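Colleague: Would you mind keeping the following structure in view while I ask a few things?
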Amino acid sequence: MHIEMDNLKEKTAKGIAWGAINNGATQVLNLVFGIFLGRLLSTEDYGILALITIFTLLAGCIQAAGFSQALANLKPPTQRDYNAVAWFNIIAGISLYMILFLCAPLIAWFFDQPALTNVSRLAFLAIPISAIGIVPNAKLWIELRNREQAIASIAALLASGCCGVWLAWNGYGYWSLAWQQVIYISVANIFKYYFTGWIPTLSVDFSPIRNMFSFSSKMLATNMLTVISQNVLTFIFGKLLPISTVGLFNQANKWNTMGSSLITNTMAQVAQPVLSNVNSEEERQERIFRKMLRFTSFLSFPLMFGLALTAHEFILLTVGPTWERCVPLLQILCVGGACLPLQGLYQNFIISRGRSDIYLRMVALQIFLQIGITLSLSSQGITTMVAAFSALNVLYIVCWHLALQRIHSLALFDVLKDTVPFALIAALVMLATHYITLSINILWLLLLARVVTAALLYFIVMRLLNVAILKECLQFIRKKQ
């Protein structure tokens, strides 16, 4: 048992390390390509593609149908299981593309943007292409092969980013963003098939689908609701506000999402597989979950509060003065964004216990509140709507905890003890950094000074407080050297 625990601990640590490398490299490349594209494209170009994002993501959820999570809960999934899911995904992906291809004019009419008809038909090609790669991706995820996932993701980003920038440079506008999506998914699929060496067989048996359907159907509904939750503001703004304002929000939300997803995706690559592996040992599962909460809080709060602190100089130095009006929106979003990785851990814990029904109800309630609050404040302007949306992301952590207590006795006080100190320290560090650097007027120097000062202050405070998570991170790094 001790050897098994050590192996799981080592596997988890390696998974988190490679997940961090993957997401870190992903965000750096997104930053680089985002800078070029932000300077080459207009707010309207970003707004056009933002309007159809929700349709692409919802179709992606439908074709995946929650079977990746269902496969992860099997011990272990067989070739027959993988093959059934693969063919379901492929058939669903092709069918959905045909439907959306025909519906493209209606989407353009709804948003009063004629350009959407043709560009959406190109962007929607990502749906059947991604369907082909769902099972290889699931295999890599279930087996905690984060190194291979990292290589596939980085290669796809390099290829798609270079293509997008080249097209934007040559005046293709929003078409460059559409092609970037299609190329990214195509290249990622090639690498994932290469690493797994897996291909579907022509012997199709859908009986495993029926066995997984009870769980996966709830995951499908939940994943769809999650997509709506993450994109509801863009959809509402697309109908109520000018397309340039939608572009500004999309730019702000893009940087916020890049920051929060760096942590969320790193943990998601190991959280459910690891928690599922120990779901029969309640005390051990709780210890692992609380440790993940502390590690996530240790990283998420300083990262997101730091992004809010440096938002003005960051936006001006990267994508330029054209986007300065998105700075307040980015700062507001970052506050709620700091809590999204914690929500993700709660979601993975609940899923690992096989309670996709609770997950579904919680996400549905969150969307209902988001839409209700946003629409009720629509007359107050975009800043007020975004502030209410962000505040809900913070407060909804409590709702997730109450939902978890239905299946686990984890105390709210223990969670607050694991998370709140990191949030308070990060906030105080950013406040101190703001005043320390207040006299600097050169933008690039101000950005550099704030990043270095905040990082040093946070590290010093963590060392002075003898924080265990920091010590374990340093020990892991030394061990790998």
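Colleague: Let me check I have the definition right: for the stretch 371-460, take the eigenvalues of the Cα gyration tensor, multiply each by 5, take square roots. What are those semi-axes in whole Å, largest first?
Modeller: The three semi-axes for the stretch 371-460 are 33, 24, 8 Å.
Colleague: So, one more: To the nearest 0.05, what FRET efficiency results for L464 and I94 with a Förster distance of 41 Å applied to their C-beta separation?
Modeller: 0.10
Colleague: How high is the relative contact order of the stretch 122-261, given as a whole-number percent (alpha carbon pairs under 8 Å, six or more residues apart)?
Modeller: 24
Colleague: What figure in square angstrom, to the nearest 10, would you give for the accessible area of W444 with a 1.4 Å probe?
Modeller: Surface accessible to solvent at W444 totals approximately 150 Å².
Colleague: Also, I was wondering about something else. Going from most exposed to least, what order do D112, D205, D357 have by accessible area with a 1.4 Å probe?
Modeller: D112, D205, D357
Colleague: What percentage of the solvent-accessible surface of the stretch 111-204, computed with a 1.4 Å probe over protein heavy atoms, is contributed by carbon and sulfur atoms?
Modeller: In the stretch 111-204, the share of accessible area belonging to carbon and sulfur is 65 percent.
Colleague: For the stretch 363-450, which trypsin sites (Lys or Arg not before Pro) are in a loop by DSSP, counting at most 11 other Cβ atoms within 10 Å?
Modeller: Qualifying residues, ordered by number: R406.
Colleague: Any chance you could run the full-extension gain for E472 through A455? It's 0.36 nm times the residue separation minus the Cα-Cα distance, nm to one decimal.
Modeller: Additional length available on full extension: 4.3 nm.
Colleague: OK, next. Evaluate E = 1/(1 + (r/R0)^6) for A411 and R39, where r is the Cβ-Cβ distance and R0 equals 60 Å; express this FRET efficiency to the nearest 0.05.
Modeller: Here the calculated transfer efficiency is 0.75.
Colleague: So, in nm, how far is label S379 from label V204 when the simple model puts each one 7 Å beyond its Cα toward the Cβ?
Modeller: Inter-label distance under the simple model: 5.4 nm.
Colleague: Then there's this: If I model a spin label at E324 and L395 as a point 7 Å from the Cα along the Cα→Cβ vector, what separation in nanometres do I get?
Modeller: 3.4
Colleague: Averaged over every viewing direction, what's the projected area of the C-alpha convex hull for the stretch 330-374? Give it in nm², one decimal, please.
Modeller: Over every viewing direction, the Cα hull of the stretch 330-374 projects on average to 3.4 nm².
Colleague: Accessible area of M362, 1.4 Å probe, to the nearest 10 Å²?
Modeller: The value for M362 is about 20 Å².
Colleague: I would also like to ask the following. Which value does Rg/Rh take for the stretch 282-324 over its C-alpha atoms, Rh per Kirkwood?
Modeller: That ratio is 1.36, to two decimals.
Colleague: From the phi of every residue in the stretch 119-127, what ³J(HN,Hα) in whole Hz does the Karplus formula 6.51 cos²θ - 1.76 cosθ + 1.60 yield, where θ is phi - 60° and glycine or proline is x?
Modeller: With coefficients 6.51, -1.76 and 1.60, one gets 5, 5, 5, 6, 4, 5, 4, 4, 5 Hz.
Colleague: Still on this structure: Compute the length gained on full extension between L122 and C162: take 0.36 nm times their separation in residues and subtract their Cα-Cα distance, giving the result in nm to one decimal.
Modeller: 12.6 nm
The values are calculated or read from the model by the stated rules, or taken from the named source; none is laboratory data. Please read all numbers here as calculations on a predicted model, not as lab measurements. Backbone-built Cβ (ideal geometry, glycine too); neighbour counts: all protein chains shown. Accessible surface is based on the protein model in full, side chains and every heavy atom, while ligands, DNA and RNA are left aside. Shrake-Rupley method; radii C 1.70, N 1.55, O 1.52, S 1.80 Å.
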